[in-house]
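These notes are about the structure you will find just below.
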Amino acid sequence: MNLKKAIPAHPVLLAVYPVLFLYAQNVDFTPVSEALAPMAIAGGSSLLLLLSLSFALRDRDKAGLLVSLAVAIFFSYGHFSEAMTGWASKLGEVNLSPDVMLMHLWGAFLGVGIYALVKTRRDLHTLTSLLNVVAVCLVLISTGRILAYDLRTGAWLDQRGAENVETNAPESVEADTLRDIYYIILDAYASAETLQEIWDYDNHEFVDYLTERGFYVVPDAKTNHPVTFLSLASSLNMQYLNYLADELGPDSTDRRQAYQMTQNSKVMRFLKARGYKFVHFQSGWGPTGKNPYADRDVRCGNVSEFAQVLVRTTILRPLANRFLQHDLRSAVLCTFATLPEVQQTIEGPRFVFAHILVPHPPFLFGPDGEPVDTEPDFRPRGWGRYYLGQLEFVNKKVEVLVDKILSEAETPPIIILQADHGSRSINTKLLPSVRPLRERCGILNAYYLPSNGKEFLYDSITPVNTFRLIFNIYFDAGYDLLQDRTYLSTLKRPYDFLDVTDALVGS
């Protein structure tokens, strides 16, 4: 009978396709491991449902179409919800949110579809064959994009690591003289000058706190590359990334080499060669989400950025927003709480790296750490009045963190508090106009360098020279300091660099 027909392939392929498509669109900066589990879950769930319905209905074509209908509704919901963000309607005195309207509409579609498919007596084999062909084509298109990318970049990237930077430092430093090094990135933490100029916010209390504790806070500090993945790769390898424009081309969006440079960095290799343990705090984002080169990779969150984006495209979006917000809050709080414990739990000396995704959106905390009731939103429109509240919360957590590290350290450590880039409240389409440029490039850059190390710091130091200078002071490394420059580029054209240093200084 109908059960003798082959099981249709389209329900499983259509379930796998949204995950595969999202990965293909982000293949240049998403590890394949992040896509494999969601694909297995989606494909396995659809297959299980298909087998169950085939047995119940005794018609594999109907079962396949029902599963594909459910898959389409499940994975399309989030896209429509996203498009309707900000819409509102009323039914009498009742306000209807986009999710309320969509839930009823999608429920009606599913109900009508189930009724029509169960009741029909038509032969559905032709429709099944057509959907099989469509599903195979969709999967092949995304797979082809992934394979083409790997063929174009994979072999070359296997041979290329971080650009070679000569190390002149002796490795015979006594272990008991080595200081712990904390490199803490506070994502999108603007400079005090930017906060005053753009946000009309006086951050002098926090700056005064750092100064009283012995930090040198660089006045009107600037980033070298106001794009996160470039900024981190640059500072952790003590070099500018302009050469990538020649290697990859100014039109490339390929992030893999910069990601690899962030994980397997020159700074990390320098310190591990001298007996340091590399302690990495997972951020949940891109190259700092996890690190296979770490001696200890501290997990402080459960959901990767890829999984966050994927779940928010599905019908789980209304529930997922609450869960994701809770997970992101927990990750930030866990990182601040766990950082000082490294001194007691891991034998030193230690190089501790933590990329903390605040005060950057999404906005999770009010000034006193209270939850902020907003959807997770990383896009430019997500910047707004909540930024200052989250920044005030970060100030308080940093003060507690610094006090605890300094009070419990047997030997005064080296601490670097630094931002990758500044805030972005002004429309970035206005770049390279002066005000949005200053906001985007102005960063927090503060150093605690014991034994008079801060005497070697200077007012214009930028992150590219952070470890060149530190390694010279504490390891007699003999690095030449680079000119402190800022190169503007965008996420859409990350390797199309524009030197804006003089514009920033002149402003």
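Assorted remarks:
- Verdict on Leu127 being at pLDDT 90 or above and not assigned by TED's automatic domain parsing to the domain that holds Asn26: no
- Contacts under 8 angstrom Cβ, first residue in the stretch 12-41 being free of Cβ contacts under 8 Å to residues at least 12 places away in the same chain, partner crowded, with 19+ Cβ neighbours inside 10 Å and not small (Gly, Ala, Ser), 6 or more apart: Val32/Tyr23
- Any hit, the stretch 19-39, residues being assigned to a helix (DSSP H, G or I), of a type in the set (D, E, K, R) and surrounded by fewer than 21 Cβ atoms within 10 Å (Cβ to Cβ): yes
- Against the test of being of a type in the set (Val, Ile, Thr) and either within 24 Å of the chain's Cα centre (by Cα) or crowded, with 21+ Cβ neighbours inside 10 Å (or both), the options Val402, Val434 yield a single qualifying residue, Val402.
- Ser304 being among the small types (Gly, Ala, Ser), touching a Gly at 6+ places or on another chain (Cβ under 8 Å) and more than 22 Å from Ala419 (Cβ to Cβ): yes
- Members of the stretch 312-356 that are among the aliphatic types (A, V, I, L, M) and within 16 Å of the chain's Cα centre (by Cα): Leu324, Leu328, Ala331, Val332, Ala354, Ile356
- Pairs meeting the criteria (first residue in the stretch 329-356 and in the same structural domain as Thr466 (by TED's automatic domain parsing), second residue of a type in the set (S, T, N, Q), beta carbons under 6 Å, at least 6 apart or on different chains) are Ala354/Thr335; His355/Ser283; His355/Thr288; Ile356/Thr335.
- Among residues of the stretch 437-456 being touching a residue at least 40 places away in the same chain (Cβ under 8 Å) and surrounded by fewer than 20 Cβ atoms within 10 Å (Cβ to Cβ), the one that is nearest to Val352 (Cα to Cα) is Pro450.
- Within the stretch 383-393, the set of residues being surrounded by fewer than 21 Cβ atoms within 10 Å (Cβ to Cβ) and in contact (Cβ under 8 Å) with a residue 60 or more places away in the chain comprises Leu388 only.
- Count of residues meeting criterion [of a type in the set (Gly, Ala, Ser) and either touching a Pro at 6+ places or on another chain (Cβ under 6 Å) or surrounded by fewer than 19 Cβ atoms within 10 Å (Cβ to Cβ) (or both)] in the stretch 189-223: 1
- Inter-residue pairs, beta-carbon under 7 Å, first in contact (Cβ under 8 Å) with a residue 24 or more places away in the chain and surrounded by fewer than 21 Cβ atoms within 10 Å (Cβ to Cβ) and in the stretch 459-480, second in a helix (DSSP H, G or I) and of a type in the set (Lys, Arg), 6+ apart: Tyr479/Arg468
- Flag for Asp496 being modelled with pLDDT of 95 or more, among the charged types (D, E, K, R), in contact with a Pro (Cβ under 7 Å, 6 or more places away or on another chain) and within 27 Å of Gly249 (Cα to Cα): yes
- Look at (1) among the polar types (S, T, N, Q); (2) at pLDDT 95 or above; (3) under 18 Å from Ile184 (Cα atoms) and you find that Gln239 fails only one, number (3).
- Applying the set (1) touching a strand residue (DSSP E or B) at 6+ places or on another chain (Cβ under 8 Å); (2) of a type outside the set (Val, Ile, Thr); (3) at pLDDT 95 or above; (4) part of a helix (DSSP H, G or I) to Leu504 leaves exactly one unmet item: (3).
- Total residues in the stretch 411-430 satisfying the condition of being modelled with pLDDT under 95, under 23 Å from the mean Cα position of the chain (by Cα) and either surrounded by fewer than 23 Cβ atoms within 10 Å (Cβ to Cβ) or not in a loop (DSSP other than H, G, I, E, B) (or both): the figure is 6.
- The selection criterion, being closer than 30 Å to Ala72 by Cβ and of a type in the set (Phe, Trp, Tyr), holds for Phe306.
The values are calculated or read from the model by the stated rules, or taken from the named source; none is laboratory data. Being a predicted model, the structure only gives us computed values, none of them experimental. Heads up, the Cβs are rebuilt from the backbone with ideal geometry, glycines too, and the neighbour counts pull from every protein chain shown.
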